[in-house]
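Notes follow once the structure below has been shown.
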Amino acid sequence: MNDINIQQNLDKIIQNIEQAALRCGRQPNDIQLVAVSKFNPITAIQSVIDHHHFTFGENRIQEAKEKFTPLIEAHPNIQLHIIGAIQTNKILDAVKIANVIETIDRVALLNPLQKAIDKTGRCPNLFIQINIGQEPQKAGILPSEANEFIELCLKQFGCKIQGVMGIPPVGHHPVPYFQQLAKFAHHYDLPEISMGMSADFEDAITCGATLVRVGSAIFGDRPVKI
Ligand SMILES: *Cc1c(COP(=O)(O)O)cnc(C)c1O
């Protein structure tokens, strides 16, 4: 994928987000696009930056650190979202580099997270990841445990808990899952709902998404990692 294609894709997605928002009576500005750059090289990310888009998502901490440390130095207005499962031993690195960690998904992460915040003096915004499809292979707190978990997180991290994030199961119509995720956000008055990817972001917007995470529709099919 060359620069021109990436920038054309980006324009198209931004336009589609606007149209989806207007169709359901929402303000386009209320929906943020997170450009998911996982597995894509710095050159591809740079062409998005050159097109004045600065919000990115990465799902592996190590990869995020390698690619974004120099990019953030050159462009301090980058907003980096961590959107992949976080091993406890990577939480410090995540806190150091991320503006938003979208994948707070288990009680065992909370104390290491607190320690990392205390150590760095930095606190990213935090989203609770909910396993809305109740899929064993996916991260996220189960819906049946989510209320208790969200309440625990709110008690410990207060207003840093900004939202919820989820991924509907492949092959199912996503809307009921999006609605379920949105309900958790509304119940706790959390402002952010991160849902919707390349294939289903328009449905997600209809269901109330405030962030959509779009990768392949911007960057093309992901290069296979070797
Ligand atoms: C890869 C990924 C995306 C982007 O998926 P596309 O289908 O390429 O748009 C969004 N969210 C998460 C959590 C991801 O891991």
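Helix content alone sets the calculated 222 nm mean residue ellipticity of the chain: runs of n ≥ 4 DSSP H residues at -39500 (n - 2.57) each, divided across all residues, give -13500 deg cm²/dmol. Excluding same-chain neighbours fewer than eight residues apart, the lysines reachable from Lys160 by a Cα-Cα span under 28 Å are Lys38, Lys65, Lys67, Lys90, Lys96, Lys115, Lys119, Lys138, Lys183. Annotation for Val175 and Gln87: the two label points, set 7 Å from Cα along the Cα-Cβ direction, are 4.1 nm apart.
Our estimate of slack between Lys115 and Glu151, defined as 0.36 nm per intervening residue step minus the Cα-Cα distance, is 11.0 nm.
For segment 53-115, state which chymotrypsin sites (Phe, Trp or Tyr not before Pro) are in a DSSP loop and have at most 16 other beta carbons lying within 10 Å of their beta carbon.
Answer in residue order: Phe54.
Once backbone amide H atoms are built at 1.01 Å from N, Gln32 has Leu211, Val212 as its partners under 5 Å, excluding neighbours fewer than 5 places away on the same chain. Extension gain, Asp221 to Ala108: 0.36 nm times the residue separation minus the Cα-Cα distance gives 37.3 nm. Over the chain, the fraction of Cα-Cα pairs per 5 Å bin, rounded to whole percents and listed from the shortest bin up, is 1, 7, 15, 19, 20, 18, 12, 6, 1, 0.
Rounded to the nearest 20 debye, the dipole size of the chain about its Cα centre is 480 debye, using +1 on the Cβ of Lys and Arg and -1 on the Cβ of Asp and Glu. Label sites at Glu73 and Ser144, each approximated as a point 7 angstrom past Cα along Cα to Cβ, lie 5.0 nm apart. For His75, the amide hydrogen comes within under 5 Å of no other amide hydrogen, counting only partners 5 or more places away or on other chains and with H modelled in the peptide plane. Projected label points at Asn29 and Lys183, each 7 Å from Cα along the beta carbon direction, are separated by 3.3 nanometres.
Computed from the Kirkwood radius of its Cα pairs, the Stokes-Einstein diffusion coefficient for segment 117-167 at 10 °C and 1.306 mPa s stands at 135 µm²/s.
Size of segment 1-99 from its Cα atoms: along the principal axes, largest to smallest, the extents are 44, 29, 22 Å.
We did not get these values from a lab; they are worked out from the coordinates using the rules stated. Because the structure is a prediction, the values reported are computed rather than measured. In this analysis, Cβ positions are derived from the backbone assuming ideal geometry, glycine residues included, and neighbour counts consider all displayed protein chains.
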